Amino acid sequence: MDVEILARIQFAFTIAFHYIYPPLSIGLGLIMVFMEGMYIKTGNKQYEILTRFWLKIFAITFGIGVATGIIMEFEFGTNWAVYSRYVGDIFGSALAAEGLFAFGLESAFLGILLFGWNRVSPKVHFISTIGVFLGSMFSAVWIVVANSWQQTPAGYHIVGEGFNARAEVTDFWAMVFNPSSVDRIIHVWQGAFLAGAFLVLSVHAYYLLKERYVEISKKAFKIALGIATVISLTQLLSGHSSAEVVAENQPAKLAAMEGHYEESGSADLYLFGWVNDETQEVTGLKIPGGLSFMIDQDFEAPVTGLNAFPKEDRPGQVNAVFQFYHIMISIGMFLIGLTLYASYLWWKGRLFEKKWLLKIFAFSVLLPQIANQVGWFAAEMGRQPWIVYGHLRTNEGFSQEVSSNQILFSLILFLVVYAILFLLFIYSVNKKIKHGPYDEAKNPDEFLKYVS
Amino acid sequence: MEYFLGIDYPTLWYLVVGLLFSGYAILEGFDYGAGMWHLFFRKDLSRRIAINAIGPLWDANQVWLIIGAGALFAGFPVMYATMLSSMYVPFMLFLMFLVLRSSAIKFRSAERMLWWRKTWDIIYFTANVFISFLLGVVLANILQGIELAENYSYKGGMFFSFLNPYAIMVGLTTVSLFMTQGAIFLLLKTEGRLHARLTFLLKKGMIFFIVSFAATSLYTLVFLHGVTDTFKEHPIYFVIPVLAFLAVANVPRLASKKKYAYALIFSSLTMAFLLMLVAVQLYPVLLPSTIGPEYSVTIYNAAASQKSLGIMLTIVLIGTPLLAGYFLFLYKTFHGKVKLDDTSY
């Protein structure tokens, strides 16, 4: 295989694996802030037990997120050297800001969060929890800013030609607040909150089904359900707003997301379907003119289609972009329905009576994870063939002097180590869940005496 | 070219990157160093204490690597891209060992089984040794230069060309330096029999360091052409090797008096002075080309734009006091000897 394909496979694999963990850390961070906040406010020890329990799972998640994240930081240079020289001037400041403002904050407070229970007061511990949570939120900001700049470049000019061409910052704030960054940051945050909330919902639904830790599980379930309901609803808004930015700035991506080929004509909105790239036809269930309506509030409004772009300037994998995008939306819709129904039962005071609902929650932990992954696949594959939209092509961005054998070597190394890491993650999280927040032989109050 | 306090921006950023990597070497130096003594402790409890000595700190210390690499990318994108893509295999191995090391810390004490803990102990030890060794290898290759042609394209071998005699010597010196640093740090964190064992181990570590340090220095002076040029031109810089030598000599003296906190300061200073020596010698080159000096990566042809450097210097000015604050708070909280509790690894 050639170097470009291998470099892309390696990047896709390492970033997708990495992206299992940071969203979970951000989401669990938010939930821990609520749990520990309730503990500080009410003094109810049950909230302390919950915080301590989730902290253990958070610690593993966070650790793997950091370890796999460092690899990403170096991989731009090792595998995408031309790209790194091209965007260094832009990317660099975002990365430096992430390191200093976000990473310093989260990693320094992490030590206190994990090991400081007996060394600092509950209030200081709570502040550390907030510090770690905010740090992880900021990390997402800078990294999404950098990626958004690749999608919708702004605040820059191109200097030099040929090999020496590169983008340089002309306006820092225009670069940071490029057309897509704000919507995408919010969208990514919300995806992360959902990943965390649904893990908590799943685990406590499991306990409720098994009739273990019933009292604290009800408390945790309600906290997470509250967050999940609000976020899945508002996720729809940021998603819609993101799509509008795509329509304006990356018409070829939008066209690929809905399989819209016609150069300029009314575009349909599919609920699901299958794109045949050769015949340029989509078979599936659609709302005729739906996409036109979503963008211009007019079913007849023309939308730029894929055929308006030369073949080499539009995404190659139209069906993949279409499918990933639609899976994300379907999951989003399902989560809205699920959380709204559960919240309705909560309001009626019958939340924990339906076993089938708890079963759905127990399994739905995977849904936000899948949505996060496919959402990014759609965003990144839809940007192709560009690595920096409109300026640098992916097939120009990789390291020219690295050989395919070298990448094959590192790819195999990553596959092996990450497979082990994933098994360890599943094993240890599963073990912690099976064991539960405290030894059931002891009652909670005794348990707390035992730990402190 | 823009200036601040009479120094041009690329030079200022060179100082920033240098400081960040010194911080990384000093802080992760004792983390990796502690890890390289791991198999020298026989009892499981001693090994747990050694891991928990760095337990709350290592994640924060690692931030210096992340910020350092970020700063290199930000300020000298050409250097970041050229160095990492040329030294592909050493860096990939380095990264892999970093992942294995983090996993070992997290998972080692999670199970009671003996085979589990022993396996992780070996992985942990090996990872720390290779991380330190590879850092030395990279440093040595930067000092010697690599085969760069036009457009910063690398023409040399994949892996074994990096493992030349000099690289192995600098690699071993890095290992020994970190081991010394790690032993002193663990002496501050432990008591009782483990402490007594460490005083014995520290002596061995210092002998290892002094031997490899002397050999490497000699090799550098004899075989690396032009390493003393800067110093001949500017005799004032001779003060740095003198200071480095004094700092080295001070470590055994303070250790024998059991003043470990001061010993740690002086062994940290040793690293700082040695890196300063490298920095002064290389300046303004970042990565010399052995094919021709016109192909070398320098702070001027590698630098980001003046505008970008200006923004990042502002970010550093705002961020550094914050970072210093977090670190002071963290180190103050975990000051003193290790005490295992239910939150420990």
task: Run A:Ala301 past the list (1) over 25 Å from A:Glu278 (Cα atoms); (2) among the hydrophobic types (A, V, I, L, M, F, W, C); (3) in contact (Cβ under 8 Å) with a residue 60 or more places away in the chain and report the number of the one that doesn't hold.
output: (3)
- prompt: Does A:Ile31 satisfy the criteria of being closer than 21 Å to A:Phe133 by Cβ, open to solvent by less than 10 Å² (accessible area, probe 1.4 Å) and more than 10 Å from chain B (Cβ to nearest Cβ)?
  reply: yes
Residue check for B:Lys337: not in a helix (DSSP H, G or I) and not acidic (Asp, Glu): yes
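Here's the yes/no breakdown for (1) within 7 Å of chain A (Cβ to nearest Cβ); (2) modelled with pLDDT of 90 or more:
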| site | (1), (2) |
| --- | --- |
| B:Pro56 | yes, no |
| B:Phe97 | no, yes |
| B:Ser102 | yes, yes |
| B:Asp121 | no, yes |
| B:Tyr124 | no, yes |
- request: Among the residues of region B:139-159, count how many are within 13 Å of another protein chain (Cβ to nearest Cβ), surrounded by fewer than 19 Cβ atoms within 10 Å (Cβ to Cβ) and of a type outside the set (Asp, Glu).
  value: 8
task: Working carefully through the options B:Ala255, B:Ala272, B:Ala279, B:Ala261, find the one that is in contact with a Ser or Thr (Cβ under 7 Å, 6 or more places away or on another chain) and more than 14 Å from chain A (Cβ to nearest Cβ).
output: B:Ala272
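Has region B:223-242 got at least one residue that is of a type in the set (Ser, Thr, Tyr) and open to solvent by less than 80 Å² (accessible area, probe 1.4 Å)?
Going residue by residue through region B:223-242, those that are of a type in the set (Ser, Thr, Tyr) are B:228, B:230, B:237.
Okay, now just the ones that are also open to solvent by less than 80 Å² (accessible area, probe 1.4 Å), so B:228, B:230.
Yes, region B:223-242 contains a residue that is of a type in the set (Ser, Thr, Tyr) and open to solvent by less than 80 Å² (accessible area, probe 1.4 Å).
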statement: Taking region B:328-343 and keeping only residues that are at the interface with chain A (Cβ under 7 Å from one of its Cβ atoms), more than 23 Å from the chain's Cα centre (by Cα) and in contact (Cβ under 8 Å) with a residue 40 or more places away in the chain, one is left with B:Thr333
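Working carefully through the options A:Leu100, A:Leu134, find the one that is part of a helix (DSSP H, G or I), free of Cβ contacts under 8 Å to residues at least 40 places away in the same chain, over 23 Å from A:Met381 (Cα atoms) and more than 7 Å from chain B (Cβ to nearest Cβ).
Numbers: A:Leu100 fails: more than 7 Å from chain B (Cβ to nearest Cβ).
After applying the criteria, what remains is A:Leu134.
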message: Of everything in region B:287-301, what is open to solvent by 20 Å² or more (accessible area, probe 1.4 Å) and aliphatic (A, V, I, L, M)? Give them in sequence order.
response: B:Ile291
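In this structure, is B:Leu322 within 9 Å of another protein chain (Cβ to nearest Cβ), open to solvent by 70 Å² or more (accessible area, probe 1.4 Å) and in a helix (DSSP H, G or I)? Show your work before the answer.
Numbers: within 9 Å of another protein chain (Cβ to nearest Cβ): yes; open to solvent by 70 Å² or more (accessible area, probe 1.4 Å): yes; in a helix (DSSP H, G or I): yes.
It is true that B:Leu322 is within 9 Å of another protein chain (Cβ to nearest Cβ), open to solvent by 70 Å² or more (accessible area, probe 1.4 Å) and in a helix (DSSP H, G or I).
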- prompt: Are any residues in region B:298-314 more than 15 Å from B:Tyr3 (Cβ to Cβ), in a helix (DSSP H, G or I) and aliphatic (A, V, I, L, M), and if so, which ones?
  reply: B:Ala302, B:Ile311, B:Met312
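Looking at region B:280-307 only, could you name the residues that are hydroxyl-bearing (Ser, Thr, Tyr) and free of Cβ contacts under 8 Å to residues at least 40 places away in the same chain?
Going through region B:280-307, the residues hydroxyl-bearing (Ser, Thr, Tyr) turn out to be B:283, B:289-290, B:295-296, B:298, B:300, B:305.
Of everything in region B:280-307, those that are hydroxyl-bearing (Ser, Thr, Tyr) and free of Cβ contacts under 8 Å to residues at least 40 places away in the same chain turn out to be B:Thr298, B:Ser305.
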- request: Hey, could you check region A:326-384 for residues that are open to solvent by 20 Å² or more (accessible area, probe 1.4 Å) and outside any helix (DSSP H, G or I) and say which is farthest from A:Leu237 (Cα to Cα)?
  value: A:Glu353
query: Which condition number does A:Phe447 fail, the rest of (1) more than 14 Å from chain B (Cβ to nearest Cβ); (2) more than 23 Å from A:Tyr83 (Cβ to Cβ); (3) at pLDDT below 90; (4) surrounded by 15 or more Cβ atoms within 10 Å (Cβ to Cβ) being met?
result: (1)
task: Give the residues of region A:170-192 that are crowded, with 21+ Cβ neighbours inside 10 Å and touching a strand residue (DSSP E or B) at 6+ places or on another chain (Cβ under 6 Å), sorted by residue number.
output: A:Met175
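Only one of B:Arg48, B:Arg42 is surrounded by fewer than 23 Cβ atoms within 10 Å (Cβ to Cβ), more than 7 Å from chain A (Cβ to nearest Cβ) and closer than 22 Å to B:Lys332 by Cα. Can you tell me which?
Numbers: B:Arg42 fails: closer than 22 Å to B:Lys332 by Cα.
Being surrounded by fewer than 23 Cβ atoms within 10 Å (Cβ to Cβ), more than 7 Å from chain A (Cβ to nearest Cβ) and closer than 22 Å to B:Lys332 by Cα holds for just one of B:Arg48, B:Arg42, which is B:Arg48.
Give B:Phe94, B:Phe130 a once-over and let me know the one that is under 20 Å from A:Ile64 (Cβ atoms) and free of Cβ contacts under 8 Å to residues at least 60 places away in the same chain. Can you show your working first?
Values: B:Phe130 fails: under 20 Å from A:Ile64 (Cβ atoms).
Sole residue among the options that is under 20 Å from A:Ile64 (Cβ atoms) and free of Cβ contacts under 8 Å to residues at least 60 places away in the same chain: B:Phe94.
Suppose we filter A:Val120, A:Val82 for residues that are over 24 Å from B:Leu95 (Cβ atoms) and either facing another protein chain (nearest Cβ under 10 Å) or charged (D, E, K, R) (or both); which single one remains? Explain how you work it out, then say what you get.
Values: A:Val82 fails: over 24 Å from B:Leu95 (Cβ atoms).
Only one candidate passes the filter, namely A:Val120.
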query: Inside region B:302-315, can you point out the residues that are open to solvent by less than 70 Å² (accessible area, probe 1.4 Å) and more than 7 Å from chain A (Cβ to nearest Cβ)?
result: B:Ala302, B:Ala303, B:Gln306, B:Leu309, B:Gly310, B:Leu313
- prompt: Can you pull out the residues in region A:111-130 that are surrounded by 20 or more Cβ atoms within 10 Å (Cβ to Cβ) and within 26 Å of A:His187 (Cβ to Cβ)?
  reply: A:Thr129
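The values are calculated or read from the model by the stated rules, or taken from the named source; none is laboratory data. Keep in mind that what you see is a predicted model, and the values were worked out from it rather than measured. All Cβ positions, even for glycine, are placed from backbone atoms using ideal geometry, and neighbour counts span all protein chains on display. Surface accessibility is based on the protein's heavy atoms, side chains included, excluding ligands, DNA and RNA. Shrake-Rupley method; radii C 1.70, N 1.55, O 1.52, S 1.80 Å.
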